[in-house]
Amino acid sequence: MNLDFSWLADPYYQYWLLRGLGTTILMSVLGLVLMMVIGIAGALIIHLRVPVLATWTTLFVEMFRNTPPLVQLFFLYFMLSEMGLTLTDPATGQRIPIFSGFTCAVLSLGLYNGALAIEIIRSGLLAVPSQTVEGARSLGYSRVQTFRYIELPIGLRLSMPAMTNNVVSLIKTSNQAALVAVADIMYTATQIMLENFRNLEVMIFVWVVYVALSSLAVVAMRYIDRLIRIPGYGAVA
Amino acid sequence: MSMQMRTFILGMIGVPALLALVFLTVYGEQAGAIIARILPRVPMLLTGSADFSSLEGGFVANILISLWSMAIAIVTGAMLGTGLIARSAFVRLPSSLVMNLLRNSPWLVVLFAMLYLLPFEIEIFGFTVSLSPAVKAVIGLALPVTANIAEIFRGGVQAIPSGQWESASSLGYRRLQILRHVVIPQALPLMVPNLMTMYSMLFIGTSLVVVTGANDVLSVARTIIAVDGDAVATAIYIFVLLLFFLFCFPIAILTRRLEHRVGTSHP
């Protein structure tokens, strides 16, 4: 089998791939931010057993955990355009949806991995020693203050290993956005394949890019983990 | 009533209700008309045929693909897992490399790669076996799952105290014999919940099969939308979400119950 990677030298393809890579990274980062927001908010609601909201959050988690992110993405994509949230372009008279494929992809990444993050952060919170929590309560911290200053900082640190997996999963899931025509690196790759028919080589290249991105994320998470470690607390890794 | 049972009832009633609510919000007054339009399409989505006459498409195809991938991946995963705990570095390091590579690659990319890597048909001993998109999907999904199962296998075997190994080897068992007769029977109950979680993930992953052109539920859904117009798209996808949920959620609850019993609940 002879592999031909000469197409990589084409400046036009390089530009495409770089732009695609940029889109993938931007999408992942925005998805990560949304994921953390949803994860922390959801964990707060379930942990403090907020009366009605806790049930809703549980439903939300179970629904997003047990359905494919791809179907969720298609669903969001069509539902948001179905609800008529469109602008009319003054120049061409075309109707453009406010929620583009990119926004939908970020939303779906944030929602799916956010649902997983809620569970992860919640189990991190449960792993905080009860003496620490009781100590804070006896010092006069309110339930919310205990959560904000004691449980969340320790719980988040304890949930770092599982969260690393979730971050990698988010990056890997982000390529599904190519199926709603977001010009990420996966989409760019399929376009290049249509032009030069070097299917295998292009796929190997994309494969390497994703493995590199995931490994980079793992390294970054380990670095963050080391930065925020409380000296003398938790497992020494 | 146990905690899991409560979550189960809550989810089985709550999530369909939630989806129904979304459906009613999106369609408003047209809800009845839309239901009347997609109801005849339900057999199509479930089985790929309009009148349940054949069982080779739609949601049934997803189930079949997931079962085949899982069956293949358990065999290959156990082999790769045995490689991961091999004493010889010549076996262990390549196994670990393959495992990490497969585990870190996105499923969609692997599926795409299989689509182009595998030939249209192969000849074995003079017989021509044609590789249909479904077969390619099965192979493409089995690869990353193999890596995950190998990791589950390794974790399960390492959870068994080393005393078991030592006493068996002092009785004269060889390494593979110990693995087969002593360690694996004890490790299997520990691995089952993880394997079930993996199956759930695999089943959720079968939604990606749409890129290979297999006749799975999403391809059918997209065809129906192309025929019936974008108006039904949201309704069809809500239905597909519901199908996946009703299949995966009971497995998830069962897994949690088993984890509870084996005492290896996730941290």
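Here is how the numbers come out for the structure above:
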| read-out | value |
| --- | --- |
| Filtered residues of segment B:26-64 (kept if crowded, with 17+ Cβ neighbours inside 10 Å, in contact with a Leu (Cβ under 7 Å, 6 or more places away or on another chain) and not aromatic (F, W, Y)) | B:T47, B:G58, B:V60 |
| Residue ranges of helices (runs of 4 or more DSSP H) in segment B:136-223 with at least 1 members within 19 Å of the chain's Cα centre (by Cα) and closer than 30 Å to B:T234 by Cα | B:184-205 |
| Pairs, first at negative phi and at pLDDT below 90 in segment B:86-110, second of a type in the set (S, T, N, Q) and surrounded by fewer than 18 Cβ atoms within 10 Å (Cβ to Cβ), C-beta under 7 Å, six or more apart | B:N104/A:S215 |
| Flag for B:L171 being touching a residue at least 60 places away in the same chain (Cβ under 8 Å) and open to solvent by 10 Å² or more (accessible area, probe 1.4 Å) | no |
| Residue count for segment B:129-140, restricted to those that are at pLDDT 75 or above and more than 14 Å from chain A (Cβ to nearest Cβ) | 8 |
| Which listed residue is modelled with pLDDT under 90 and of a type outside the set (V, I, T), from A:L32, A:L48 | A:L48 |
| Residues of segment A:178-213 satisfying the condition of being over 21 Å from A:S6 (Cα atoms), open to solvent by less than 40 Å² (accessible area, probe 1.4 Å) and more than 10 Å from every other protein chain (Cβ to nearest Cβ) | A:V180, A:V182, A:D184 |
| Number of the condition not met by B:S105 [criteria: (1) part of a helix (DSSP H, G or I); (2) open to solvent by less than 30 Å² (accessible area, probe 1.4 Å); (3) at the interface with chain A (Cβ under 9 Å from one of its Cβ atoms)] | (1) |
| Selection count where residues are in contact with a Ser or Thr (Cβ under 6 Å, 6 or more places away or on another chain) and part of a strand (DSSP E or B), scope segment B:112-127 | 1 |
| Verdict on B:G81 being open to solvent by less than 20 Å² (accessible area, probe 1.4 Å) and farther than 25 Å from A:Q176 by Cβ | yes |
| Where B:F247 falls short, out of the listed (1) part of a helix (DSSP H, G or I); (2) crowded, with 21+ Cβ neighbours inside 10 Å; (3) out of contact with any Leu (no Cβ under 9 Å at 6 or more places or on another chain) | (2) |
| Helices (runs of 4 or more DSSP H) fully within segment B:19-95 counting 2 or more residues that are polar (S, T, N, Q) and in contact with a helix residue (DSSP H, G or I) (Cβ under 6 Å, 6 or more places away or on another chain) | B:58-84 |
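The values are calculated or read from the model by the stated rules, or taken from the named source; none is laboratory data. No experiment lies behind these values; they were computed from the predicted model shown. Don't worry about glycine lacking a Cβ; one is built from the backbone with ideal geometry, like all the others, and counts go over all protein chains shown. Accessible surface is based on the protein model in full, side chains and every heavy atom, while ligands, DNA and RNA are left aside. Shrake-Rupley method; radii C 1.70, N 1.55, O 1.52, S 1.80 Å.
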